[in-house]
Amino acid sequence: MSEWWTYRAEDFLLFSPRVYWRMFELHNAALWPLHMLTLAAGVIIILLIAWRPGTGARWLALILAIPWMFVGWSFLWNRYATINWAAAYVAPAFAVEGVLLLVIGSLRDGLAFDRRGLAGWTGYLILAFALAGAPLLAPLQGRGWASSEVFGIAPDPTAMATLGVLLLARGRLLPLLVPIPVLWCLLSGMALSTMGEPQAWAPYAAPALAAAAWIWTIIRQRFNR
Amino acid sequence: MRTTRRTFVQASLAATAAATLLPISLHAQQGLPARRPIPSTREEIPIVGLGTWITFNVGDDPVLRDECAGVMAAFFEAGGRMIDSSPMYGSSQPVIGYGLQKLGQPSALFAAEKVWTSSAAAGPAQIEQSRRFWGVPKFDLVQVHNLLAWKAHLQTLFQMKAAGAVRYVGITTSEGRRHDLLEQVMRSEPIDFVQFSYNVVDREAEARLLPLASERGIAVIVNRPFRQGALTQRLQGKPLPEWAAELGASSWAQLMLKFILAHPAVTVAIPATTRVDHVRENLSAAAGPMPDPAMRERIAAHVKAL
């Protein structure tokens, strides 16, 4: 692309906010009541981390991998790509994240969810927001429940919840699981802020909080050596 | 007023000059949108078309698809012809196809499309895919979008034109980008149409592109006449000057459209909208009196001052 410096974020926005939010309405209506199942899966993730931090990793990774693959296929590939051709290129990344979770979660000592302290509590906070707070953003902004974004159905809460889970995890290959949810949150935040949507703060805040918690943990570990 | 030989000569000269500067047909006087000739064939076309950037990208949403079809119906009903789209505009092409099918394939349609791929080899397949989305036998106009791989695509389009697969060939840019290259293409290639941004505040095209289009006999399509809605939003709530009534303009959108349409080198402006009342308002701006050069400056100065 020549003269790339003359392009603004608005130049890449192919749709109006009305079309964007109606897309969530249609998606929710098409999948209801699957939301109950995905939210239940989110609660199970929290329970596994809290009560089976060492042994539940494989199940937890599986429970988290399925929403990534499902959201990539059902939302990005089948729905979002109809108004944003770039989504068709992002959808495979969601499948990759799902496969990575499955593979790393199934490895011996691949993941352990025994991290506590500031990073752990920040993880719980982000996870809780992704499950319970994200669906409230639509009604709080006057759009009604119909366009709510729900974990396992919509990409933002799925990516944010994953960041929360990863903050609670340890593992040699953990860094491989971080880039895709972080990049999605940044992409989504940019799209929302370009549309002038106040809720852009949410996908920006999740990776920012996660990064701050990770940095704090690393500094603390080095200081304690 | 008494008509003397002097006033008669002055009036005749003014009328001749106006006719030369504004080759607008009598349709305007009958409430229909005025027409201008496409220089390469002298085929006349209504001077307001319909853009589809963002507004027609509604995906599979059945409610919004029907709204777009409603906009298209109002557009044709008000005498519009040119609808412009691109493979870059998400679902706009299938949404246009849906509307055309719903309206029974209106014969008035002047289908303007673009080819938008960096691969020269992929151009013909993309144009064919676009044609299927629209559901038309062929496009009236295919343009190279944003000068992307323009040399190769122009050769493809010239071959298609020679074979009768497309009637006109063009090239586009927007928001003032790459005017130097556009000028080079306009000077060196036998294109029928050129498309770029021009409006009451973005007037860079007046210096070289618009005069060159006149000189070379190239039809001009003006995109982003309201800066993608930013200008109409900026002026919302501000009182329209009293003298706008002299031009038959009842809104800022109409006044700003008349500013563009009154430029003698402009062939068609393609405002995009999701609203039936706006599409009617846009097309009615193409009827009635047009501002003379002095009035155009007055419009530009007034908008700039607000």
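Mind ordering A:71-78, A:110-117, A:34-41, B:79-86 by average Cβ neighbours within 10 Å, highest first?
Details: A:71-78: 20.8, A:110-117: 17.9, A:34-41: 15.6, B:79-86: 24.6.
For the peptides A:71-78, A:110-117, A:34-41, B:79-86, the packing ranking is B:79-86, A:71-78, A:110-117, A:34-41.
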| remark: Check: C-alpha center segment A:117-144 vs C-alpha center segment A:11-78, spacing in Å is 14 Å
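Normalised by the residues of chain B, what does the relative contact order come to in percent, with Cα pairs under 8 Å and at least six apart? Don't jump to the answer; show the numbers that get you there.
Numbers: 557 pairs, mean separation 63.7, N = 306.
Worked out over chain B, it gives 21 percent.
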| Can you give the alpha-carbon Rg of segment A:140-197 over 2.2 N^0.38 Å, where N counts its residues? | 1.32
| task | Could you work out the Rg to Rh ratio of segment A:32-224, with Rh taken as the Kirkwood radius (inverse of the mean 1/r over all Cα pairs)? | result | 0.96
| field | chain B: C-alpha pair distances exceeding 32 Å, % | value | 25 percent
| So in the protein assembly as shown, what percent of DSSP beta bridges are antiparallel if you round to the nearest 5? | 15 percent
| task | Note the angle between two axes, namely the Cα long axis of helix B:5-21 and the longest principal axis of the Cα atoms of chain B, as a number of degrees from 0 to 90, rounded to the nearest 10. | result | 10 degrees
| Residue among B:L148, B:I127, B:M186 farthest towards the positive dipole end of segment B:108-220, charges placed on Cβ | B:I127
| task | Averaging sequence separations of C-alpha pairs under 8 Å and six or more residues apart, then dividing by the length of segment B:109-249, give the relative contact order as a whole percent. | result | 17 percent
| Over segment A:1-147, relative contact order from alpha-carbon pairs under 8 Å, at least 6 apart, % | 29 percent
| task | Starting from the eigenvalues of the Cα gyration tensor, five times each then square-rooted, give me the equivalent ellipsoid semi-axes of the protein assembly as shown, largest first, whole Å. | result | 54, 24, 21
| said: Can you say what percent of the DSSP beta bridges in chain B, counting only those with both residues inside, are antiparallel? Round to 5. | reply: 10 percent
| said: Eigenvalues of the Cα gyration tensor times 5, then square-rooted: what semi-axes does that give for segment A:1-111, in whole angstrom, largest first? | reply: 33, 19, 11
| said: Per 0.36 nm of contour for each residue apart, how much would the distance between B:L181 and B:R275 grow if the chain were fully extended, relative to their Cα-Cα spacing? | reply: 30.3 nm
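If each DSSP helix of 4+ residues adds -39,500 (n - 2.57) and the sum is divided by the residues in the protein assembly as shown, what number results at 222 nm, nearest 500 deg cm²/dmol?
Mean residue ellipticity at 222 nm (helix-derived): -16000 deg cm²/dmol.
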| query | If r is the Cβ-Cβ distance from A:L187 to A:A132 and R0 is 30 Å, what FRET efficiency results, to the nearest 0.05? | reply | 0.80
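Where a number appears in this text, it was derived from the coordinates with a stated rule and is not lab data. Since this is a predicted model, take the numbers as computed values, not measurements. Please note: Cβ atoms are built from the backbone with ideal geometry, for glycine as well, and neighbour counts cover all protein chains shown.
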